[in-house]
Amino acid sequence: MHVGIDLITFSTSKYFFKLETLAKYRNVDYAKYCTGIGQTQMSVFPPNEDIITLSVAAAEKLLSEIDNKDSIDMLIFASESSFDISKAEGIYVHKFLKLNNECRVFNIKQACYSLTAALQIAKSHVALYPSSKVLVIGSDIIKYPSNSSGEPTQGGAAVAMIVSESPRILELEPYSSVFTKEVMDFWRPIYKSEALFDGKLSAYNYLELLKITFDKYIKKSRLSKKDIDYFCFHCPFCKMAQKAARQIGDIDIHYTTIYNSVIGNSCSASLYISFISLLDNCLNDLTEKRIGFFSYGSGSVAEFFSGKVVPGYKRVLLSQRHKKDLEERIEISFEDYELFRKNTSPFNSKNYVNIGNLTLSNISDDKRYYSKINKF
């Protein structure tokens, strides 16, 4: 049986902030950002956009491409940006997508690894129930304290994918290597709105686990590095992915970092934005090419796995939509950037634009209320 990614897309904010402007106001040499971490822009989010509105915007693109959304009998929501430690954010997404009620919905949390865990669970489910389709979503918005080393890596996005039998984009292979090791390199206690991190430890652990999982993957699969045509790495910032490529050796990842360099860190979504960026921007035909994926989640869990691109994949890509969404983003000033960071209420004096048709309209009595947007 062939199981894998049938459709895939992403959504990010309608607004971006140039790191060149951030460097000016933080009195930092811009080269520290564009060269030092490989980033030029970050997606920034108004107070009426959150991980739910982003997820619905991404998923609605996919549902318009399938014949029968009632065939979706599982929705897995992956995030480290959860606003509720009890109720799964996937429940909101299920509601606004108007999915079948006979649908299993749950969340997965393990830092940036969570969407890979969701993908592997979806793969196993479809292998047992071949007529099923699983909607898998990873959605995160990441914020760090002002003037911290993490500030220029901020960002966010949602990736949505359909996992099914006879996939039209990527067939997942059985080869996989997983490694878990408890490390305090990145964490966010429930009483904190901004993440805490040890950057040097995180980078060291990322590369250590890459070596362990890649070496084990090679032994399990009995393949060599030459058998992998392209590599996609978890990308908290592009320089980290470049370091990973150098560790593997003689790998060009240019096409995989095009989108991440202007979105910033999207945590659970970032590895798969790397994959979408490769699909959308690579000039070569990827048919039957093996893609190696390295997923890392601080704390920590890592996995190296692979898949092969399916013939005819270009017919179901949403490449032009992705490029158009990024090109039509609105640049904001430093003053608006600071306002976005400090204003956590959906009520404000400005009419901010959402990427999709859903907005966070109110938070009352600790309940979140969403409403549809009439854009016409």
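All of the numbers you see were taken from the coordinates with simple rules; none came from a lab. Remember, it's a predicted structure, so these values are computed and weren't measured experimentally. We place every Cβ from the backbone using ideal geometry, glycine too, and count neighbours over all the protein chains shown.
What the table shows:
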read-out: Residues in region 258-284 that a label on residue 319 would reach, taking backbone N under 16 Å of a point 7 Å out along Cα→Cβ; value: 258-259, 274-284
read-out: Karplus (6.51, -1.76, 1.60) ³J(HN,Hα), θ = phi - 60°, over region 20-29, in Hz, Gly and Pro reported as x; value: 4, 6, 4, 4, 4, 7, 9, 6, 10, 4
read-out: For region 147-156, Karplus couplings with θ = phi - 60° (6.51, -1.76, 1.60), whole Hz, Gly/Pro x; value: 6, 8, 5, x, 3, x, 9, 4, x, x
read-out: Over the chain, relative contact order from alpha-carbon pairs under 8 Å, at least 6 apart, %; value: 26 percent
read-out: Cut-off under 5 Å, modelled amide H: who pairs with residue 15 long-range; value: 44, 330
read-out: Hz values of 3J(HN,Hα) by residue in region 203-219 - Karplus curve (6.51, -1.76, 1.60), Gly and Pro given as x; value: 5, 5, 5, 3, 6, 5, 6, 4, 4, 4, 6, 5, 4, 5, 4, 4, 5
read-out: Highest average packing first - 90-99, 63-72, Cβ atoms within 10 Å; value: 90-99, 63-72
read-out: Spacing of the two label points (7 Å from each Cα toward its C-beta) at residue 196 and residue 25, in nm; value: 2.7 nm
read-out: Residues whose placed amide H lies under 5 Å from that of residue 300, excluding near-sequence neighbours; value: 181, 182, 183
read-out: Spacing of the two label points (7 Å from each Cα toward its C-beta) at residue 1 and residue 146, in nm; value: 5.4 nm
read-out: Inter-centroid distance (Cα atoms) of region 273-325 relative to region 89-145, Å; value: 18 Å
read-out: Euclidean distance of C-alpha centroids, region 189-230 and region 65-83, integer Å; value: 26 Å
read-out: Relative contact order for region 1-59, counting Cα pairs under 8 Å that sit 6 or more residues apart, in percent; value: 44 percent
read-out: Under 5 Å, built H, 5+ apart or other chain: amide partners of residue 370; value: 361
read-out: Of 69/372; 143/367; 289/323; 69/181, pairs whose Cα-Cα distance is over 27 Å; value: 69/181
read-out: Residues residue 207 and residue 184, FRET efficiency given R0 of 22 Å [Cβ-Cβ distance, rounded to 0.05]; value: 0.80
